[in-house]
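Engineer: The following block contains the structure, expressed as structure tokens.
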Number of protein chains: 4
Amino acid sequence: MISSAPQALKPRKRPQQRRASATVDAIFEATIQLLVKDGLSQLTTTRVAERAGVSVGTMYQYFPHKQALIYAVNERYLDRLAERVEATCREWQGNPAGDMVEALIDTYWHTKTEKPDVTRALYRSVVEMDNEALISAFAVRTDAAITAMLASASDNDGSDARSNTRTLVTVIFGAVRNSFERGHSGEVAEDLRRQLVIMCRAYLDRHGR
Amino acid sequence: MISSAPQALKPRKRPQQRRASATVDAIFEATIQLLVKDGLSQLTTTRVAERAGVSVGTMYQYFPHKQALIYAVNERYLDRLAERVEATCREWQGNPAGDMVEALIDTYWHTKTEKPDVTRALYRSVVEMDNEALISAFAVRTDAAITAMLASASDNDGSDARSNTRTLVTVIFGAVRNSFERGHSGEVAEDLRRQLVIMCRAYLDRHGR
Amino acid sequence: MISSAPQALKPRKRPQQRRASATVDAIFEATIQLLVKDGLSQLTTTRVAERAGVSVGTMYQYFPHKQALIYAVNERYLDRLAERVEATCREWQGNPAGDMVEALIDTYWHTKTEKPDVTRALYRSVVEMDNEALISAFAVRTDAAITAMLASASDNDGSDARSNTRTLVTVIFGAVRNSFERGHSGEVAEDLRRQLVIMCRAYLDRHGR
Amino acid sequence: MISSAPQALKPRKRPQQRRASATVDAIFEATIQLLVKDGLSQLTTTRVAERAGVSVGTMYQYFPHKQALIYAVNERYLDRLAERVEATCREWQGNPAGDMVEALIDTYWHTKTEKPDVTRALYRSVVEMDNEALISAFAVRTDAAITAMLASASDNDGSDARSNTRTLVTVIFGAVRNSFERGHSGEVAEDLRRQLVIMCRAYLDRHGR
DNA sequence: GATGAATGAGTGTTCATTCAT
DNA sequence: AATGAATGAACACTCATTCAT
């Protein structure tokens with residue numbers, strides 16, 4: 001769970017979510033829909049409650065303030081994303097490093113591309129929030145999973161694992177976001193994905209592996 | 001000039017800079033300072049005017065609304081960034097492609113890192129704005145410059161220039177942003193920069209160049 | 001009901017009176033008091049709310065904007081005025097036309113004169129508003145009532161009812177307003193009322209009735 | 001001149017107009033055009049100056065504040081209207097009273113109907129202004145002219161001239177305004193005018209004249 | 001617990017008026 | 001005299017949050 005991130009990393013205004021339930025899901029769903037439809041600046045607590053079919057009062061029982069809501073939505077999203085990354089990492093244990101990275105790119109890319117407007121809306125919603133804990137927790141989880149996976153590579157050459165993981169992760173996650181921002185899609189996006197695979201493979205192979 | 005971006009992409013009116021560029025500069029400076037200090041959500045027209053030492057009324061003579069102000073600040077920032085990228089591209093014409101990319105990464109990285117808090121603040125401010133025109137104009141400029149540079153590479157191997165440029169640009173710009181978001185700094189950031197250079201060189205060399 | 005005026009004539013949204021008619025009444029009362037005291041140009045939403053003893057926010061729950069408030073105040077006023085006119089018309093069914101018109105003038109005059117400053121304030125507030133629906137709805141109601149009354153006159157001579165009603169209504173309502181504007185009062189106003197009765201009677205008698 | 005109205009009647013904020021000139025005319029013209037086009041609430045000093053082709057500063061040389069401008073426009077309008085009424089009154093000296101009143105109605109009606117939108121715009125603009133002096137001065141002039149005319153009637157029956165004049169004036173002016181408010185036009189307006197003549201004639205004839 | 005009416009501080013924006021040039 | 005940039009008080013309206021029912 002991302003929420004279990006080190007206390008030190010939790011933001012001052014770290015939001016508390018009371019408990020999970022169908023109501024909370026409805027609220028999450030409503031929030032995402034509204035973020036997609038109108039963007040963060042048009043998102044009001046009243047509108048979220050209305051669309052979720054609950055009263056504002058009730059919403060405030062689950063989320064102590066608006067930030068907490070947006071935080072929680074992103075937390076859940078990143079949780080799921082991290083799970084998928086972890087699953088992929090487990091699945092490819094023991095394979096050649098190049099194949100691992102290709103699988104990683106595929107997983108990340110597909111997850112992000114599945115619902116592009118949700119991805120975009122959440123990328124945007126996370127700004128102006130005390131999001132360091134969020135990002136950090138996600139980074140910790142994925143870094144750990146990827147490092148472990150790479151360490152098990154059948155062609156592991158013993159080069160600096162921390163540095164390699166960090167580089168790959170930063171490049172892959174960064175490139176995907178940038179591609180989104182530039183509005184790539186269709187053939188262009190597909191080519192970029194392929195090139196990214198090629199680039200990462202070339203990086204791993206650099207020592208003549 | 002970024003301002004020459006397709007009119008159709010700019011739903012919001014652009015500021016009509018008359019003259020008094022001193023005043024406009026003061027307003028820009030104030031805006032950036034406040035974005036750095038308190039973030040977009042705390043940025044009010046009154047506060048900007050106050051800090052810039054002008055009245056709100058005056059501010060509204062130069063910027064028809066708050067959005068236009070933020071737009072203009074980002075536009076200027078991206079203009080300057082694009083200029084630096086273009087300068088680097090001109091400078092490295094005719095060199096080996098690997099050196100070009102290293103120079104590009106250096107330039108971009110240094111520009112972004114010079115004033116990290118400004119970079120971070122502007123990354124955040126640009127959200128929730130009608131920023132497609134902005135990003136698109138920046139992309140057009142830098143893509144053109146980089147494509148031209150690569151075409152002049154002494155070891156140009158004739159592989160798909162569009163695709164190569166797009167990949168490099170997306171990876172470099174994306175990685176830098178991601179690095180910022182993860183809060184890398186010091187030795188970690190430096191290593192990442194080096195790795196990025198290695199990765200991009202490896203990408204260019206992939207065909208045994 | 002004036003509210004049943006053609007929807008097409010009401011570009012501005014109408015207040016959705018939910019309940020809490022006490023609150024709405026307080027707001028109406030406050031609005032009228034302020035209109036009387038300081039005039040439309042000094043009427044601010046804050047001041048109305050303050051005097052009504054509610055918060056601005058609450059006011060905006062009942063009236064979507066300032067115009068809607070002023071519209072509603074006038075609507076209520078004209079509703080009541082129309083009711084009185086209708087009552088008089090019912091009451092004088094079957095009497096001689098001259099007596100009818102005298103009764104009509106009395107009713108209208110007295111209603112307007114009861115609270116002269118309110119009358120004046122509302123006359124003024126209605127300007128610069130999308131008031132056609134208001135005026136039209138009032139006209140439709142009163143015209144209908146008066147036409148019906150005149151048709152029942154014991155000495156009905158069969159002359160053009162539409163034209164007669166229109167003339168009488170325009171003259172009476174217009175004269176009263178003009179008298180207000182000129183600031184008539186006391187004996188002068190009283191004489192004018194009498195003369196108006198004489199004139200309307202003479203008009204009805206013109207064919208030697 | 002209406003401006004020569006008794007000092008006591010001049011409003012506290014009685015606006016002062018510096019001097020007449022082509023500039024002033026341009027300002028008047030611009031004001032009226034804007035009032036017709038967008039109404040009082042959209043009338044800003046900047047817009048008036050712009051349309052008049054002068055600077056705001058210059059406008060403030062002629063009119064010490066916005067009210068003064070609107071006051072002056074109405075003053076000029078009423079001056080001209082009063083002149084026409086006076087001219088008619090002079091012209092019909094010595095004729096039968098009924099013909100006088102018909103001529104008066106014709107003059108007033110035509111002047112108001114010539115440019116209906118200007119008439120309407122000015123009716124509206126005069127609200128919320130300290131307009132008592134304006135109306136009073138107009139009343140004094142027209143009352144005097146009409147009283148004098150009626151006194152010279154070939155069939156003068158010696159009945160109370162003050163009362164008669166006041167009644168006729170209030171009825172005629174009031175009916176015209178009311179007709180405007182109701183949006184009468186074409187055949188309806190024409191019939192109303194005829195009926196008004198009939199009514200006023202009947203009033204004058206009431207003693208069997 | 002759930003509701004949603006009430007709150008009121010806070011914000012973007014306008015525009016009459018001034019005054020340095 | 002003429003200009004028009006600068007001023008800043010004022011206002012309509014929003015919306016996160018609370019709390020009586």
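Engineer: Exactly one condition in (1) at the interface with chain C (Cβ under 10 Å from one of its Cβ atoms); (2) modelled with pLDDT of 95 or more; (3) touching a helix residue (DSSP H, G or I) at 6+ places or on another chain (Cβ under 8 Å) is not met by D:E132; state its number.
Structural biologist: That leaves (2) as the condition not met.
Engineer: Still on this model: Out of (1) in contact with a Lys or Arg (Cβ under 9 Å, 6 or more places away or on another chain); (2) facing chain B (nearest Cβ under 7 Å), what's the single condition that is false for A:V171?
Structural biologist: A:V171 satisfies every listed condition except (1).
Engineer: Another question, then. Could you list, in sequence order, all residues of region A:117-130 that are under 20 Å from A:E190 (Cβ atoms) and more than 13 Å from the chain's Cα centre (by Cα)?
Structural biologist: A:D117
Engineer: Now, a different point. Return the only residue of D:R84, D:R51 being within 16 Å of DNA strand F (Cβ to nearest atom) and among the basic types (K, R). Break it down stepwise before answering.
Structural biologist: Working: D:R84 fails: within 16 Å of DNA strand F (Cβ to nearest atom).
Exactly one of D:R84, D:R51 is within 16 Å of DNA strand F (Cβ to nearest atom) and among the basic types (K, R), namely D:R51.
Engineer: Provide a single number: the residues in region B:21-33 that are open to solvent by 30 Å² or more (accessible area, probe 1.4 Å) and in contact (Cβ under 8 Å) with a residue 24 or more places away in the chain.
Structural biologist: Looking only at that region, the number is 2.
Engineer: Any residue that is on the phi < 0 side of the Ramachandran plot and within 12 Å of another protein chain (Cβ to nearest Cβ) - is there at least one of those in region D:109-119? First the steps, then the outcome.
Structural biologist: First pass over region D:109-119, keeping only residues on the phi < 0 side of the Ramachandran plot: D:109-119.
With the extra rule that they be within 12 Å of another protein chain (Cβ to nearest Cβ), the set shrinks to none.
Within region D:109-119, none of the residues are on the phi < 0 side of the Ramachandran plot and within 12 Å of another protein chain (Cβ to nearest Cβ).
Engineer: Ok, one more. Among the residues of region B:28-72, how many are touching an Asp or Glu at 6+ places or on another chain (Cβ under 7 Å) and not in a helix (DSSP H, G or I)?
Structural biologist: 1
Engineer: With (1) open to solvent by 20 Å² or more (accessible area, probe 1.4 Å); (2) within 14 Å of chain D (Cβ to nearest Cβ); (3) over 25 Å from D:L40 (Cβ atoms) as the list, and C:Q42 as the residue in question, which single condition is left unmet?
Structural biologist: (3)
Engineer: Right, next: Looking at A:T31, A:T23, A:T46, which one is of a type in the set (S, T, Y), away from DNA strand F (no atom under 14 Å from the Cβ) and not assigned by TED's automatic domain parsing to the domain that holds A:V197?
Structural biologist: Unique residue meeting the criteria: A:T23.
Engineer: If you don't mind, another one. Go through (1) within 15 Å of DNA strand F (Cβ to nearest atom); (2) within 14 Å of another protein chain (Cβ to nearest Cβ); (3) in contact (Cβ under 8 Å) with a residue 24 or more places away in the chain one by one and return the number of the condition B:M59 breaks.
Structural biologist: (2)
Engineer: Can you find even one residue in region D:185-194 that is on the phi > 0 side of the Ramachandran plot and more than 7 Å from chain C (Cβ to nearest Cβ)?
Structural biologist: Checked against the condition, which is being on the phi > 0 side of the Ramachandran plot and more than 7 Å from chain C (Cβ to nearest Cβ), region D:185-194 yields at least one hit.
Engineer: Could you say which residue among D:A161, D:A153, D:A137, D:A148 is closer than 30 Å to C:V127 by Cα and of a type in the set (G, A, S)?
Structural biologist: D:A137
Engineer: So A:H110 ticks every box in (1) open to solvent by 10 Å² or more (accessible area, probe 1.4 Å); (2) not assigned by TED's automatic domain parsing to the domain that holds A:D191 but one. Which box is left unticked?
Structural biologist: (2)
Engineer: Sticking with this structure for a sec: Among D:V54, D:V118, D:V101, D:V36, which is open to solvent by 10 Å² or more (accessible area, probe 1.4 Å) and closer than 23 Å to D:L192 by Cβ?
Structural biologist: Going through D:V54, D:V118, D:V101, D:V36 in turn, just one is open to solvent by 10 Å² or more (accessible area, probe 1.4 Å) and closer than 23 Å to D:L192 by Cβ: D:V118.
Engineer: Picking from D:S163, D:S152, D:S179, D:S159, which residue would you name as being closer than 30 Å to D:V73 by Cβ and either at the interface with another protein chain (Cβ under 7 Å from one of its Cβ atoms) or more than 19 Å from the chain's Cα centre (by Cα) (or both)? Step through it out loud before you land on a result.
Structural biologist: On the way: D:S163 fails: closer than 30 Å to D:V73 by Cβ; D:S152 fails: closer than 30 Å to D:V73 by Cβ; D:S159 fails: closer than 30 Å to D:V73 by Cβ.
Of the residues listed, the single one that is closer than 30 Å to D:V73 by Cβ and either at the interface with another protein chain (Cβ under 7 Å from one of its Cβ atoms) or more than 19 Å from the chain's Cα centre (by Cα) (or both) is D:S179.
Engineer: What number of residues within region D:57-86 satisfy the criterion of being open to solvent by 40 Å² or more (accessible area, probe 1.4 Å) and within 22 Å of D:D106 (Cα to Cα)? Show your work before the answer.
Structural biologist: Narrowing region D:57-86 to residues open to solvent by 40 Å² or more (accessible area, probe 1.4 Å): D:57-58, D:60-61, D:64-67, D:76-77, D:80, D:83-84, D:86.
The next check asks that each one be within 22 Å of D:D106 (Cα to Cα); those that pass are D:76-77, D:80, D:83-84, D:86.
Qualifying residue count for the region: 6.
Engineer: Restricting to region A:167-196, and then to whatever is among the charged types (D, E, K, R) and open to solvent by 40 Å² or more (accessible area, probe 1.4 Å), can you tell me which residue is farthest from B:S136 (Cα to Cα)?
Structural biologist: Among those residues, the one meeting the criterion is A:R194.
Engineer: Could you list all residues from region A:57-110 that are of a type in the set (S, T, Y) and over 14 Å from A:A145 (Cβ atoms)?
Structural biologist: The first filter runs over region A:57-110 and keeps only residues of a type in the set (S, T, Y), leaving A:58, A:60, A:62, A:71, A:77, A:88, A:107-108.
Passing the criteria: A:T58, A:Y60, A:Y62, A:Y71, A:Y77.
Engineer: Do we find that D:A97 is of a type in the set (A, V, I, L, M, F, W, C) and away from every other protein chain (no Cβ under 14 Å) in this structure?
Structural biologist: Here the answer is no, as D:A97 does not meet what is asked.
Engineer: Let me ask something else. Please tell me if A:A133 is surrounded by fewer than 19 Cβ atoms within 10 Å (Cβ to Cβ) and either aliphatic (A, V, I, L, M) or touching a residue at least 40 places away in the same chain (Cβ under 8 Å) (or both).
Structural biologist: Against the criterion (surrounded by fewer than 19 Cβ atoms within 10 Å (Cβ to Cβ) and either aliphatic (A, V, I, L, M) or touching a residue at least 40 places away in the same chain (Cβ under 8 Å) (or both)), A:A133 does not qualify.
Engineer: With the structure loaded, tell me whether D:V101 is within 16 Å of DNA strand F (Cβ to nearest atom) and at pLDDT 95 or above or whether it fails that test. Give the steps one after another, and end with the answer.
Structural biologist: Numbers: within 16 Å of DNA strand F (Cβ to nearest atom): no; at pLDDT 95 or above: yes.
Against the criterion (within 16 Å of DNA strand F (Cβ to nearest atom) and at pLDDT 95 or above), D:V101 does not qualify.
Engineer: I'd like to know if region C:77-85 contains one or more residues that are more than 14 Å from every other protein chain (Cβ to nearest Cβ), farther than 30 Å from D:Y203 by Cα and not basic (K, R).
Structural biologist: Yes, there is a match, as at least one residue in region C:77-85 is more than 14 Å from every other protein chain (Cβ to nearest Cβ), farther than 30 Å from D:Y203 by Cα and not basic (K, R).
The values are calculated or read from the model by the stated rules, or taken from the named source; none is laboratory data. Just so we're clear, the structure is a prediction, and the values are computed from it rather than from any experiment. Please note: Cβ atoms are built from the backbone with ideal geometry, for glycine as well, and neighbour counts cover all protein chains shown. Accessible surface is based on the protein model in full, side chains and every heavy atom, while ligands, DNA and RNA are left aside. Shrake-Rupley method; radii C 1.70, N 1.55, O 1.52, S 1.80 Å.
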